[in-house]
């Protein structure tokens with residue numbers, strides 16, 4: 001779900017994830033959110049990626065996965081580039097993670 005409140009975007013993805021075994025019994029709640037401030041060819045964003053564990057019985061907070069990313073998005077010719085640095089906020093999460101998304105419109 002997303003809201004474009006120019007120049008701010010808010011995106012919420014209430015993701016149900018699975019491990020390919022156990023069917024619906026193995027669904028995890030793994031939400032992702034993004035708040036971005038958009039400029040002409042740039043965007044600054046804060047993103048959260050989480051995993052609370054099984055939908056039927058969330059794991060204790062210290063065993064959950066939660067990452068907060070600072071992200072910069074920009075355009076380079078025909079490419080959109082989005083690097084970011086993530087900080088883990090729980091013991092079960094990596095302390096620091098880097099991300100890079102490269103995308104290009106194929107039309």
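Take the residues in region 2-30 that are closer than 21 Å to residue 70 by Cβ and crowded, with 16+ Cβ neighbours inside 10 Å; name whichever of them is nearest to the chain's Cα centre (by Cα).
30
Which residue is nearest to the chain's Cα centre (by Cα), if the candidates are limited to region 64-93 and must be more than 23 Å from residue 12 (Cβ to Cβ) and at pLDDT 95 or above?
Ranking the qualifying residues of region 64-93, first place goes to 81.
The values are calculated or read from the model by the stated rules, or taken from the named source; none is laboratory data. Predicted model, so just to flag it, every value in this text is computed and none were measured. For neighbour counting, all protein chains shown are included, and Cβ atoms are generated from backbone atoms with ideal geometry for every residue, glycine included.
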